[in-house]
Amino acid sequence: MSVFTHETTQAKAAEAIRAIPATLTEFRCPLCNRVFGSHSDLSCHYAAEHPDTAAPIVVTLTINGKDCEVLIEPHWTLQRTLQFRLNLTGAKHMCNKGVCGSCTVIIDGRTALSCTVLAAECEGKSITTIEGIAADPKWKPLIDAYCRWDAMQCGYCTPGFLVTAKALMDKNPNPTEDEIKEALSGNICICGTYPRHATAILEAAEKMSKGA
Ligand code: FES
Ligand code: FES
(Lines give C-alpha, C1' and ligand atoms only; values in the text may rest on other atoms or scores of the structure.)
(Ligands and ions follow the chains in the order given, each with its own letter.)
Protein backbone atom coordinates (compact mmCIF):
# COMPACT_ATOMS: atom_id res chain seq x y z
CA MET A 1 0.00 0.00 0.00
CA SER A 2 1.08 3.56 -0.64
CA VAL A 3 2.52 5.53 2.26
CA PHE A 4 0.84 8.68 0.95
CA THR A 5 -2.45 9.79 2.47
CA HIS A 6 -4.81 12.59 1.69
CA GLU A 7 -4.06 14.16 5.08
CA THR A 8 -0.35 14.56 4.35
CA THR A 9 -0.85 15.79 0.80
CA GLN A 10 -3.65 18.17 1.85
CA ALA A 11 -1.51 19.79 4.53
CA LYS A 12 1.49 20.17 2.25
CA ALA A 13 -0.61 21.55 -0.59
CA ALA A 14 -2.40 24.03 1.63
CA GLU A 15 0.94 25.23 3.01
CA ALA A 16 2.37 25.63 -0.51
CA ILE A 17 -0.60 27.79 -1.50
CA ARG A 18 -0.41 29.84 1.71
CA ALA A 19 3.29 30.49 1.06
CA ILE A 20 2.71 32.13 -2.33
CA PRO A 21 3.61 35.81 -1.93
CA ALA A 22 0.84 38.12 -3.13
CA THR A 23 3.11 40.98 -4.13
CA LEU A 24 6.69 41.40 -5.22
CA THR A 25 9.01 43.05 -2.80
CA GLU A 26 12.22 42.82 -4.78
CA PHE A 27 13.07 42.85 -8.46
CA ARG A 28 16.17 40.79 -9.17
CA CYS A 29 18.06 40.99 -12.44
CA PRO A 30 18.41 37.37 -13.66
CA LEU A 31 21.54 38.28 -15.63
CA CYS A 32 23.69 39.99 -13.01
CA ASN A 33 21.71 39.24 -9.84
CA ARG A 34 21.40 42.88 -8.74
CA VAL A 35 18.26 43.62 -6.76
CA PHE A 36 16.05 46.66 -7.37
CA GLY A 37 13.19 48.12 -5.40
CA SER A 38 10.78 48.51 -8.29
CA HIS A 39 10.06 47.10 -11.72
CA SER A 40 10.75 50.47 -13.35
CA ASP A 41 14.22 50.55 -11.75
CA LEU A 42 14.88 47.07 -13.10
CA SER A 43 13.65 48.11 -16.55
CA CYS A 44 16.01 51.14 -16.50
CA HIS A 45 18.85 48.83 -15.49
CA TYR A 46 18.09 46.60 -18.46
CA ALA A 47 18.00 49.52 -20.85
CA ALA A 48 21.41 50.66 -19.59
CA GLU A 49 23.22 47.37 -18.93
CA HIS A 50 21.50 44.72 -21.04
CA PRO A 51 20.06 46.66 -23.98
CA ASP A 52 19.91 43.63 -26.28
CA THR A 53 17.88 41.49 -23.87
CA ALA A 54 14.16 41.64 -23.18
CA ALA A 55 13.58 42.87 -19.64
CA PRO A 56 11.63 40.72 -17.16
CA ILE A 57 7.94 41.45 -16.89
CA VAL A 58 5.53 41.46 -13.98
CA VAL A 59 2.51 39.23 -14.45
CA THR A 60 -0.43 38.91 -12.07
CA LEU A 61 -1.80 35.39 -11.90
CA THR A 62 -4.75 33.85 -10.11
CA ILE A 63 -3.60 30.46 -8.86
CA ASN A 64 -5.89 28.25 -6.81
CA GLY A 65 -8.01 31.30 -6.02
CA LYS A 66 -5.07 33.42 -4.90
CA ASP A 67 -3.83 36.50 -6.79
CA CYS A 68 -0.07 36.85 -6.98
CA GLU A 69 2.53 38.88 -8.81
CA VAL A 70 5.48 37.17 -10.44
CA LEU A 71 8.58 38.56 -12.08
CA ILE A 72 9.46 36.45 -15.10
CA GLU A 73 11.25 36.57 -18.40
CA PRO A 74 8.68 37.14 -21.15
CA HIS A 75 9.16 33.70 -22.70
CA TRP A 76 8.58 31.74 -19.50
CA THR A 77 5.93 29.07 -19.61
CA LEU A 78 3.30 28.67 -16.94
CA GLN A 79 4.94 25.40 -15.84
CA ARG A 80 8.28 27.10 -15.34
CA THR A 81 6.66 29.99 -13.51
CA LEU A 82 4.74 27.70 -11.16
CA GLN A 83 7.88 25.72 -10.35
CA PHE A 84 10.52 28.43 -10.11
CA ARG A 85 8.59 31.50 -8.98
CA LEU A 86 5.75 30.10 -6.91
CA ASN A 87 7.30 26.88 -5.62
CA LEU A 88 4.30 24.92 -6.86
CA THR A 89 6.08 21.82 -8.05
CA GLY A 90 3.08 19.61 -8.80
CA ALA A 91 2.84 20.44 -12.52
CA LYS A 92 5.81 18.38 -13.66
CA HIS A 93 8.33 19.18 -16.34
CA MET A 94 8.77 16.00 -18.36
CA CYS A 95 8.60 16.17 -22.16
CA ASN A 96 8.27 19.98 -22.28
CA LYS A 97 6.65 19.51 -25.71
CA GLY A 98 2.97 19.15 -24.93
CA VAL A 99 2.82 15.38 -25.37
CA CYS A 100 2.98 13.69 -21.94
CA GLY A 101 0.38 15.49 -19.78
CA SER A 102 2.55 15.58 -16.67
CA CYS A 103 2.31 19.38 -16.50
CA THR A 104 -1.50 19.49 -16.75
CA VAL A 105 -3.35 22.32 -15.00
CA ILE A 106 -6.87 23.68 -15.36
CA ILE A 107 -7.28 27.14 -16.88
CA ASP A 108 -10.78 28.61 -16.80
CA GLY A 109 -12.29 25.17 -16.38
CA ARG A 110 -10.38 23.40 -19.15
CA THR A 111 -7.29 21.27 -18.91
CA ALA A 112 -4.17 22.86 -20.34
CA LEU A 113 -0.58 21.73 -20.72
CA SER A 114 1.31 24.31 -18.73
CA CYS A 115 4.55 23.67 -20.64
CA THR A 116 2.85 24.97 -23.78
CA VAL A 117 1.26 28.10 -22.27
CA LEU A 118 3.10 31.34 -21.66
CA ALA A 119 2.55 32.67 -18.16
CA ALA A 120 1.98 36.09 -19.66
CA GLU A 121 -1.05 34.67 -21.51
CA CYS A 122 -2.66 33.66 -18.22
CA GLU A 123 -3.38 37.07 -16.73
CA GLY A 124 -7.05 37.36 -15.84
CA LYS A 125 -7.59 33.61 -16.03
CA SER A 126 -8.32 31.23 -13.20
CA ILE A 127 -5.63 28.57 -12.83
CA THR A 128 -6.05 25.42 -10.77
CA THR A 129 -3.05 23.23 -10.04
CA ILE A 130 -2.77 19.90 -8.31
CA GLU A 131 -1.98 21.78 -5.09
CA GLY A 132 -5.40 23.46 -5.23
CA ILE A 133 -7.08 20.12 -5.78
CA ALA A 134 -5.13 18.38 -3.04
CA ALA A 135 -5.90 21.17 -0.56
CA ASP A 136 -9.65 21.01 -1.26
CA PRO A 137 -11.42 18.47 1.02
CA LYS A 138 -13.97 17.85 -1.75
CA TRP A 139 -11.35 15.81 -3.63
CA LYS A 140 -10.29 13.68 -0.69
CA PRO A 141 -12.09 10.60 -2.10
CA LEU A 142 -10.17 10.92 -5.37
CA ILE A 143 -6.77 11.18 -3.71
CA ASP A 144 -7.67 8.48 -1.20
CA ALA A 145 -8.66 6.17 -4.06
CA TYR A 146 -5.36 6.81 -5.86
CA CYS A 147 -3.53 5.94 -2.65
CA ARG A 148 -5.65 2.88 -1.93
CA TRP A 149 -5.23 1.47 -5.43
CA ASP A 150 -1.56 2.43 -5.69
CA ALA A 151 -2.33 4.19 -8.97
CA MET A 152 1.27 5.39 -9.06
CA GLN A 153 4.79 4.02 -8.96
CA CYS A 154 7.41 6.75 -9.20
CA GLY A 155 4.54 9.25 -8.99
CA TYR A 156 6.01 11.73 -11.45
CA CYS A 157 3.04 11.60 -13.79
CA THR A 158 0.42 11.32 -11.05
CA PRO A 159 -0.38 15.04 -10.56
CA GLY A 160 -1.18 15.35 -14.27
CA PHE A 161 -3.51 12.35 -14.11
CA LEU A 162 -5.26 13.72 -11.02
CA VAL A 163 -5.78 17.16 -12.55
CA THR A 164 -7.23 15.57 -15.68
CA ALA A 165 -9.45 13.32 -13.55
CA LYS A 166 -10.72 16.32 -11.57
CA ALA A 167 -11.54 18.22 -14.76
CA LEU A 168 -13.41 15.17 -16.07
CA MET A 169 -15.39 14.72 -12.86
CA ASP A 170 -16.31 18.41 -12.75
CA LYS A 171 -18.12 17.92 -16.06
CA ASN A 172 -19.13 14.29 -15.63
CA PRO A 173 -19.33 13.25 -11.97
CA ASN A 174 -20.04 9.61 -12.85
CA PRO A 175 -17.90 8.74 -15.84
CA THR A 176 -17.79 5.27 -17.35
CA GLU A 177 -14.53 3.37 -17.62
CA ASP A 178 -14.38 4.18 -21.33
CA GLU A 179 -14.96 7.88 -20.66
CA ILE A 180 -12.17 7.84 -18.09
CA LYS A 181 -9.78 6.15 -20.50
CA GLU A 182 -10.69 8.65 -23.19
CA ALA A 183 -10.17 11.62 -20.82
CA LEU A 184 -6.80 10.28 -19.63
CA SER A 185 -5.58 9.38 -23.10
CA GLY A 186 -3.32 12.44 -23.21
CA ASN A 187 -1.51 11.49 -20.00
CA ILE A 188 1.51 9.22 -20.29
CA CYS A 189 2.86 7.03 -17.50
CA ILE A 190 6.28 5.58 -18.11
CA CYS A 191 5.78 3.19 -15.18
CA GLY A 192 2.67 1.73 -16.82
CA THR A 193 0.08 2.33 -14.08
CA TYR A 194 -2.75 2.78 -16.60
CA PRO A 195 -5.26 0.12 -15.43
CA ARG A 196 -5.33 1.50 -11.88
CA HIS A 197 -6.38 5.04 -12.78
CA ALA A 198 -9.81 4.02 -14.02
CA THR A 199 -10.33 1.78 -10.98
CA ALA A 200 -9.44 4.61 -8.61
CA ILE A 201 -11.58 7.18 -10.40
CA LEU A 202 -14.59 4.87 -10.56
CA GLU A 203 -14.32 4.24 -6.84
CA ALA A 204 -13.94 7.95 -6.07
CA ALA A 205 -16.91 8.86 -8.26
CA GLU A 206 -19.10 6.33 -6.48
CA LYS A 207 -18.08 7.64 -3.05
CA MET A 208 -18.51 11.26 -4.05
CA SER A 209 -21.96 10.57 -5.50
CA LYS A 210 -22.95 9.19 -2.08
CA GLY A 211 -21.57 12.30 -0.40
CA ALA A 212 -18.57 10.55 1.14
S1 FES B 1 5.78 18.40 -19.79
FE2 FES B 1 4.04 19.39 -20.59
S3 FES B 1 3.04 17.90 -21.81
FE4 FES B 1 4.88 16.93 -21.15
S1 FES C 1 4.03 6.48 -11.96
FE2 FES C 1 6.00 6.77 -12.82
S3 FES C 1 5.63 7.84 -14.68
FE4 FES C 1 3.69 7.31 -13.94
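The values are calculated or read from the model by the stated rules, or taken from the named source; none is laboratory data. Here the structure is a predicted model, which means the values were calculated and not measured. Here the Cβ positions follow ideal geometry from the backbone for every residue, glycine too, while neighbour counts run over all protein chains shown.
Contact list please: Cβ distance under 9 Å, first residue in segment 72-101 and within 20 Å of Ala13 (Cα to Cα) and near ligand 1 (Cβ under 10 Å from one of its atoms), second residue among the basic types (Lys, Arg) and assigned to a helix (DSSP H, G or I), pairs at least six apart or on different chains.
His93/Arg80
Could you identify the single residue in Thr89, Thr116 that is within 10 Å of the chain's Cα centre (by Cα), surrounded by fewer than 21 Cβ atoms within 10 Å (Cβ to Cβ) and either at pLDDT below 95 or part of a loop (DSSP other than H, G, I, E, B) (or both)?
On the way: Thr116 fails: within 10 Å of the chain's Cα centre (by Cα).
Only one candidate qualifies: Thr89.
For segment 169-194, which positions are among the hydroxyl-bearing types (Ser, Thr, Tyr) and surrounded by fewer than 20 Cβ atoms within 10 Å (Cβ to Cβ)?
Selection gives Thr176, Ser185, Tyr194.
Quick check on this structure: which one of Thr60, Thr53 is surrounded by fewer than 18 Cβ atoms within 10 Å (Cβ to Cβ), in a loop (DSSP other than H, G, I, E, B) and polar (S, T, N, Q)?
Thr53
Looking at (1) touching a residue at least 60 places away in the same chain (Cβ under 8 Å); (2) within 21 Å of Ala165 (Cα to Cα), can you tell me which one Ile57 breaks?
Among (1) touching a residue at least 60 places away in the same chain (Cβ under 8 Å); (2) within 21 Å of Ala165 (Cα to Cα), the lone unmet condition for Ile57 is (2).
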